[in-house]
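Any read-out appearing in this document is the output of simple, stated calculations on the displayed coordinates, not a laboratory observation. Please read these numbers as outputs of a predicted model, since none were measured by experiment. Here Cβ is always computed from backbone atoms with ideal geometry, including for glycine, and neighbour counts include all displayed protein chains.
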Amino acid sequence: MDVLTGIGDMQVRAERDRLAGKTVGVVPTMGALHEGHLSLIRAARSACDVVTVTIFVNPKQFGPEEDFNSYPRIFDRDLSACENEEVDVVFAPEAGDMYPEGFSTKVAVSGLTTLWEGEARPGHFDGVTTVVTKLFAITKPHRAYFGQKDAQQVAVVRRMVRDLNFDLEIIVCPIVREADGLAMSSRNVYLLPDERQEALALFRSLKKAEELVASGVRKSLDILEGMKQLLTDTEIRKRDYIAIVNPDTMEPVETLEPGQPVLVAVAARVGATRLIDNTIVTLAE
Ligand code: AMP
């Protein structure tokens, strides 16, 4: 496994692989790798000749009050995990190389980035689309792997790829959960034992939404009402939003139509930790 930090070195390596006719799969991450990340790596490993994992805690996607400084960084363990998964290249650039003095470009998707996560975290998606654009230009993937855990990120990145004609395929992998249902996240390490239990309310509220839809409930308001009860019965300090939306546009859906998948998304603060989770549900035809 090669570990590269230089942008130029990474570009040369990626170009060489492409010229050799190899399919390049890239998994962008911020490190602190868990089974969720590993599922993306395995999906890439099974479909691509060369698997590149990027590890970069991107300062531009954190707000001033957010956890950039305390974000977990366990580089050596991440490297072992990548080695175990037979990753070919780890690209781990320095922030100063990604954003040198004079850096002045921003890639921004409008519209769907102002809703939900975008509203709660102003500027977050501009940071994401800017770094993803740079990572694509550096690692030159044929396929790039993202997790459904960050459903709005998927919608935003897909829109950017379509709008800007990036010549690559976005592959989305399902949410990986702990045995009790908590969605895996690098931020789960912040949770105190009591909070870890309370955090399960997010998953339970999504299960409730799935049950209501399976029983034929069509009105989003009725589904949201059922979910709210589960979220207020717990110690969850602050619910940022619960939403039932079109998974591509992130616009609210009032009434579910048979056969039309909708995204049910929730964001809440448990203690000091902000968690997000979601599920896709479809009313039976
Ligand atoms: P991050 O390191 O948090 O930026 O995540 C890197 C990638 O892993 C993103 O595409 C995430 O959506 C994905 N990811 C994170 N957690 C999970 C999970 N529990 N299941 C599936 N994918 C995940």
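Remarks
- Net charge dipole size for the chain [Lys, Arg +1 and Asp, Glu -1 on Cβ; Debye, nearest 20]: 240
- log₁₀ of I(q)/I(0) at q = 0.13, 0.18 Å⁻¹ - the range 46-155, Debye sum with one point per alpha carbon: -0.58, -1.11
- With a cut-off of 11 Å between beta carbons, the residues surrounding V264 carry a summed charge of 0, where Lys and Arg count +1 and Asp and Glu -1.
- Axis angle, to the nearest 10 degrees, between helix 151-163 and the longest C-alpha principal axis of the chain: 50 degrees.
- With N the number of residues in the chain, Rg(Cα) / (2.2 N^0.38 Å) evaluates to 1.02.
- Exposure proxy ranking for V3, V154, based on other Cβ atoms within 10 angstrom of each Cβ and starting from the fewest, stands as V3, V154.
- Nearest 10 degrees, 0 to 90: helix 220-232 Cα axis against the chain principal axis: 90
- Helix-only [θ]222 nm of the chain, DSSP H runs n ≥ 4, -39500 (n - 2.57) each, per residue, nearest 500: -11500 deg cm²/dmol
- Residues with amide H under 5 Å from that of V176, placed H, sequence gap 5 or more: M184
- Going from the residue with the fewest nearby Cβ atoms within 10 Å to the one with the most, F91, F136 rank F136, F91.
- Volume of the Cα convex hull of the range 1-99, divided per residue and given in Å³: 98
- Ellipsoid equivalent to the range 137-250 - semi-axes via the Cα gyration tensor, in Å: 30, 20, 12
- Sequence-separation-based contact order of the chain, relative, with Cα cut under 8 Å and 6+ spacing, percent: 17
- Compactness of the range 183-274, expressed as Rg and Dmax over alpha-carbon positions, Å: 13.8, 41
- Taking Cα atoms only, the orientation of helix 75-84 departs from the longest principal axis of the chain by about 90 degrees.
- If you count Lys pairs in the chain whose Cα atoms are under 28 Å apart, skipping same-chain pairs closer than 8 places in sequence, the total is 26.
- Beta bridge orientation in the chain: antiparallel %, DSSP, nearest 5: 50
- Using the Karplus relation 6.51 cos²θ - 1.76 cosθ + 1.60 with θ = phi - 60°, the per-residue 3J(HN,Hα) values for the range 63-73 come to x, x, 9, 8, 9, 4, 5, 8, 4, x, 10 Hz, with x marking Gly and Pro.
- Size of charge dipole - the range 131-275 - debye, nearest 20, with Cβ of Lys, Arg +1 and Asp, Glu -1, no other charges: 420
- Qualifying trypsin sites (Lys or Arg not before Pro) in the range 5-95, DSSP loop, other Cβ atoms within 10 Å at most 16: K22, R73
- Histogram of C-alpha separations across the range 243-285, 10 Å bin width, %: 29, 44, 21, 6, 0
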